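The values are calculated or read from the model by the stated rules, or taken from the named source; none is laboratory data. Source: prediction; values computed, not measured. Cβ: placed from backbone, ideal geometry, glycine included. Neighbour counts: every protein chain shown. Remember, those area values only see protein heavy atoms, side chains included, never the ligands or the DNA or RNA. Shrake-Rupley method; radii C 1.70, N 1.55, O 1.52, S 1.80 Å.
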Amino acid sequence: LVVSAQERDRSKVSDKYKWDLTHIYPSDEAWRSAKDELVAEIPTIKEFKGTLGSSAARLADALELGSRLSKEFARDYVYASMMSDTDTRVSKYQGMQQEMIQLGSMLGAEAAFIEPEILKIDKAVIDDPEIPPNLKYLSGDFFCAPFTTSDVEAGPGHGWPANTRWEV
């Protein structure tokens, strides 16, 4: 059995064995710009706090914004994480990954009001035809199901399993 050591100098590794992350962002500068835009936009989700049940349009707008912010966060995180994984000795990329971990906490904190408000929305708002069909079905992974039936009708007392699709 012959075992050879892996090349540790990335400049000597053939490109066919490296990730091509330019499909995500063409450069670190492009990633930084997108990340900074996301940081600036995250606080706008608070504009919906206390108003999700006021109309179907308001709920749909909030859910669309939340979905877009989550998607942008995921894109930024994947780039930073994969860059970090290319060579764990490069502190720049370790720092980028840490920035994204902190940004994930910020996004979660800013959007924390959404789940409790959705659980209290009048069913007439949810049933409004203004709500796009794709927003009527909410995954238990994104919207936490209640652990009692006090806020929502017809739910099991223990809540729904995390990966169960349920209709509000």
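Worth pointing out:
- Of residues in the range 48-62 being in contact with a helix residue (DSSP H, G or I) (Cβ under 9 Å, 6 or more places away or on another chain) and outside any loop (DSSP other than H, G, I, E, B), the one most open to solvent (accessible area, probe 1.4 Å): Asp61
- Residues of the range 15-27 that turn out to be under 20 Å from Met100 (Cβ atoms) and in contact (Cβ under 8 Å) with a residue 60 or more places away in the chain, as a count: 2
- Lys12 vs. criteria without any contact (Cβ under 8 Å) to a residue 12 or more places away in the chain, out of contact with any Ser or Thr (no Cβ under 8 Å at 6 or more places or on another chain), farther than 30 Å from Val125 by Cβ and not acidic (Asp, Glu): yes
- Flag if Arg75 is outside any helix (DSSP H, G or I) and closer than 30 Å to Tyr17 by Cα: no
- Residue within the range 37-54 that is of a type in the set (A, V, I, L, M, F, W, C) and modelled with pLDDT under 95 present: yes
- Just one residue in the set Leu21, Leu103, Leu65 is open to solvent by less than 40 Å² (accessible area, probe 1.4 Å) and closer than 30 Å to Pro129 by Cα; that residue is Leu65.
- Residue match in the range 32-47 (condition: within 30 Å of Lys120 (Cβ to Cβ), touching a residue at least 24 places away in the same chain (Cβ under 8 Å) and either assigned to a loop (DSSP other than H, G, I, E, B) or open to solvent by 60 Å² or more (accessible area, probe 1.4 Å) (or both)): yes
- Inspection of the range 27-42 identifies no residue that is farther than 30 Å from Pro129 by Cα and touching a Gly at 6+ places or on another chain (Cβ under 8 Å).
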